[in-house]
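Student: One structure follows; several queries about it will come next.
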Amino acid sequence: MGLGKTIQVISLLLAHQKKDSTNLVVTPASVIYNRENEAQKFAPELKTAVLVGTKKERTQILANASKYDLLITSYQSLNRDLEAYQNLFLIYRSLMKPKILRIINRLQLNPLK
């Protein structure tokens, strides 16, 4: 908490930004909008989407994931929408808490970078 992890992740994304790449940040729901505000403040050039709302709204954002540089979601939303993430190719996934590894393992996604 307060160690600058978000700024480090944003810096990493900016340093390794590639055209048509999508990145995912998974964070507690209580700070999801803080993460969005930090991304807008420190990296306004990153096109960002927050995966909130109804399942239909979240699925629509995920269906258009290639239009975004950064997707931000909560552990709960990720867990509820696991199947919608199956076909996404994500360059970086940032985990703000270790418990998310259990969800990632259930997804059987390509190795974390």
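FYI, it's all coordinate maths here, none of it is from the lab. Source: prediction; values computed, not measured. Because the Cβ atoms are built from the backbone with ideal geometry, glycine has one as well, and the counts that use them run over all protein chains shown.
Student: Decide, for the stretch 1-68, between rounded, prolate and oblate: order the square roots of the alpha carbon gyration tensor eigenvalues as a ≥ b ≥ c, take rounded if a/c falls under 1.5, and otherwise choose prolate if a/b is larger than b/c, else oblate. Walk me through the numbers on the way to the answer.
Tutor: Numbers: a/c = 2.27, a/b = 1.20, b/c = 1.88.
Oblate is the answer for the stretch 1-68, as a/c is 1.5 or above yet b/c matches or exceeds a/b.
Student: Once label points are set 7 Å from the Cα along Cα→Cβ at both TYR33 and LEU14, what is their separation, rounded to one decimal in nm?
Tutor: 2.4 nm
Student: Among LEU62, TYR33, ILE72, whose Cα lies farthest out toward the positive end of the dipole of the stretch 1-73, if unit charges sit on the beta carbon of Lys, Arg (+1) and Asp, Glu (-1)?
Tutor: Final value for the positive-end residue is LEU62.
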